[in-house]
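Structure, as structure tokens:
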Amino acid sequence: MELRDIEIFLILAEELHFGRTANRLCLSPARVTQAIQKQERQIGAPLFERNNRTVRLTPVGRQLRDDLRPLYAGLKDSVQRAQLAVQGITGTLRVGMVSINAYDLRPFWDVFRLRHPQWRLRIRQIQFSDAFAALRRGDVDVLIVWLPVEEPDLTVGPVLFAEPRVLAVAVDHELAQRTSVSLEMVADFQHPQTDIGPGYWFDAYAPPQSRRGRPIERGPSVRSTEEAITLTSMAEIVTLFPAHMTRYWVRPDIAYRPVTDIGALPYALVWRSETENELIRALSEVVRDLGPLAQKS
């Protein structure tokens, strides 16, 4: 099996959609189909169950995915390290962010690169529903996530920033007529729910009750910011966000209103304790030296 065919298989096993796989790899859907059919002939069994509506891994496909994933990651890392070594780069630090304000954090990135030109910094967006899993799988080396994080296998580093909360509502929602809102007002409306990640962690982001103890109802489950924004725009829910959303996620069908009775949400570096290395310590030192970012107005 060629390396490119392995990549096609693993991406399809993740996306479970031929079109999305083709787009992600910049290939034609026919090329993806041919690669999978070739692999199935070589193995002698179907890897995917597919019909007009769904694509699913077969038991053989799941076993192959689990066996190939670490091997492919190792091969890919080896090739990348060799390429970087030619450029004088000896290491790469992969940073995953659940917030979308990577530009605000440029001071940290710039100082890290200035101090450590021999290391490459890679920043990628991580959906909050997959944040801890991505860290534990080794997809990223360090996360930037909101606090608290109280996981026994994870180390919490310094805080990069803390932001007040805003409430996203549809532009024709009744709360859009106000200049600010409180949790007491917000409790009249459904908020998104998620069944992914530690419960206490999501509760810190979206409190389950107001300051007076009034329950804040959770509605449909979401796995991404995009899903939350879409449901919000249709007035099915209202959604709490950090304030940088008002600058980085502007839509004509969404209004943001400051929430007056909830504290700022801190975001910090978090990493697996057992994988701590000099690159992680170096970024942590940069954040400590610079201190948390000042809140933007």
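Counting just the residues of the range 134-175 that are in contact (Cβ under 8 Å) with a residue 60 or more places away in the chain and in a helix (DSSP H, G or I), which one comes out surrounded by the fewest Cβ atoms within 10 Å (Cβ to Cβ)?
ARG136
Could you list, in sequence order, all residues of the range 278-296 that are touching a Leu at 6+ places or on another chain (Cβ under 9 Å) and of a type outside the set (A, V, I, L, M)?
SER284, PRO292 - these are the residues of the range 278-296 that are touching a Leu at 6+ places or on another chain (Cβ under 9 Å) and of a type outside the set (A, V, I, L, M).
Looking at the range 222-273 only, could you name the residues that are more than 20 Å from LEU183 (Cα to Cα) and of a type in the set (Gly, Ala, Ser)? Explain how you work it out, then say what you get.
Initially, the range 222-273 is screened for residues more than 20 Å from LEU183 (Cα to Cα), giving 222-227, 230, 234, 247-253, 267-273.
Scanning the range 222-273 gives SER224, ALA268, SER273.
Of ALA35, ALA22, ALA30, which residue is in contact with an Asp or Glu (Cβ under 6 Å, 6 or more places away or on another chain), over 19 Å from ARG137 (Cα atoms) and not hydroxyl-bearing (Ser, Thr, Tyr)? Step through it out loud before you land on a result.
Working: ALA22 fails: in contact with an Asp or Glu (Cβ under 6 Å, 6 or more places away or on another chain); ALA30 fails: in contact with an Asp or Glu (Cβ under 6 Å, 6 or more places away or on another chain).
Testing whether each residue is in contact with an Asp or Glu (Cβ under 6 Å, 6 or more places away or on another chain), over 19 Å from ARG137 (Cα atoms) and not hydroxyl-bearing (Ser, Thr, Tyr) leaves just ALA35.
Provide a single number: the residues in the range 122-132 that are closer than 24 Å to HIS191 by Cα, surrounded by fewer than 18 Cβ atoms within 10 Å (Cβ to Cβ) and free of Cβ contacts under 8 Å to residues at least 60 places away in the same chain.
1
When you look at ILE6, is it within 13 Å of TYR72 (Cβ to Cβ) and either buried (at least 17 other Cβ atoms within 10 Å of the Cβ) or without any contact (Cβ under 8 Å) to a residue 12 or more places away in the chain (or both), yes or no? Lay out the reasoning, then the answer.
On the way: within 13 Å of TYR72 (Cβ to Cβ): yes; either buried (at least 17 other Cβ atoms within 10 Å of the Cβ) or without any contact (Cβ under 8 Å) to a residue 12 or more places away in the chain (or both): yes.
Here the answer is yes, as ILE6 does meet what is asked.
Does at least one position in the range 29-40 carry a residue that is touching a residue at least 24 places away in the same chain (Cβ under 8 Å), surrounded by fewer than 16 Cβ atoms within 10 Å (Cβ to Cβ) and either of a type in the set (Val, Ile, Thr) or not in a strand (DSSP E or B) (or both)? Break it down into steps so the answer makes sense when it comes.
Initially, the range 29-40 is screened for residues touching a residue at least 24 places away in the same chain (Cβ under 8 Å), giving 32, 35-36, 38-39.
With the extra rule that they be surrounded by fewer than 16 Cβ atoms within 10 Å (Cβ to Cβ), the set shrinks to 38.
Retained after the next criterion (residues that are either of a type in the set (Val, Ile, Thr) or not in a strand (DSSP E or B) (or both)): 38.
Checking the range 29-40: at least one residue is touching a residue at least 24 places away in the same chain (Cβ under 8 Å), surrounded by fewer than 16 Cβ atoms within 10 Å (Cβ to Cβ) and either of a type in the set (Val, Ile, Thr) or not in a strand (DSSP E or B) (or both).
For the range 229-290, which fully contained strands (runs of 3 or more DSSP E) count at least 3 residues that are under 19 Å from the mean Cα position of the chain (by Cα), at pLDDT 95 or above and on the phi < 0 side of the Ramachandran plot?
Details: elements: 239-242, 254-258, 265-272.
Output list reads 239-242, 265-272.
List every residue pair whose Cβ atoms sit under 7 Å apart, with the two residues 6 or more apart in sequence or on different chains, where the first one lies in the range 195-217 and is part of a loop (DSSP other than H, G, I, E, B) and the second, anywhere, is small (Gly, Ala, Ser).
ASP195/SER221; ILE196/SER129; GLY197/SER129; GLY197/ALA131; SER210/ALA187; ARG214/ALA187; ILE216/ALA187; ILE216/SER210
Would you please list the contacts, defined by Cβ atoms under 9 Å and residues six or more apart or on different chains, that run from a residue in the range 92-106 that is closer than 12 Å to TYR267 by Cβ and not assigned by TED's automatic domain parsing to the domain that holds ILE196 to a residue that is aromatic (Phe, Trp, Tyr) and part of a loop (DSSP other than H, G, I, E, B)?
Close Cβ pairs satisfying both conditions: ILE100/TRP249.
Being surrounded by fewer than 14 Cβ atoms within 10 Å (Cβ to Cβ) and either under 21 Å from SER180 (Cα atoms) or modelled with pLDDT under 90 (or both) is the filter here, so list the residues in the range 193-216 that pass it.
ASP195, PRO198, GLY199, PRO208, GLN209, ARG211, ARG212, GLY213, ARG214, PRO215
Restricting attention to the range 41-55, which residues are surrounded by 13 or more Cβ atoms within 10 Å (Cβ to Cβ) and either in a strand (DSSP E or B) or among the acidic types (Asp, Glu) (or both)?
Once the filter is applied, which keeps residues that are surrounded by 13 or more Cβ atoms within 10 Å (Cβ to Cβ) and either in a strand (DSSP E or B) or among the acidic types (Asp, Glu) (or both), the range 41-55 yields PHE48, ARG50, VAL55.
Take VAL60 and tell me if it is touching a residue at least 40 places away in the same chain (Cβ under 8 Å) and in the same structural domain as VAL79 (by TED's automatic domain parsing). Don't jump to the end; show me each part of the working.
Values: touching a residue at least 40 places away in the same chain (Cβ under 8 Å): no; in the same structural domain as VAL79 (by TED's automatic domain parsing): yes.
The answer is no for VAL60.
For residues that are assigned to a loop (DSSP other than H, G, I, E, B) and either charged (D, E, K, R) or buried (at least 18 other Cβ atoms within 10 Å of the Cβ) (or both), tally how many sit in the range 176-186.
We begin by selecting, within the range 176-186, every residue assigned to a loop (DSSP other than H, G, I, E, B); these are 178-180, 182.
Now drop any that are not either charged (D, E, K, R) or buried (at least 18 other Cβ atoms within 10 Å of the Cβ) (or both), which leaves 178.
Selection size over the range 176-186: 1.
Output the qualifying pairs, or none if there are none: Cβ atoms under 6 angstrom, residues six or more apart or on different chains, first residue in the range 235-249 and in contact (Cβ under 8 Å) with a residue 24 or more places away in the chain, second residue β-branched (Val, Ile, Thr) and surrounded by fewer than 19 Cβ atoms within 10 Å (Cβ to Cβ).
TYR248/ILE100
The values are calculated or read from the model by the stated rules, or taken from the named source; none is laboratory data. Being a predicted model, the structure only gives us computed values, none of them experimental. Don't worry about glycine lacking a Cβ; one is built from the backbone with ideal geometry, like all the others, and counts go over all protein chains shown.
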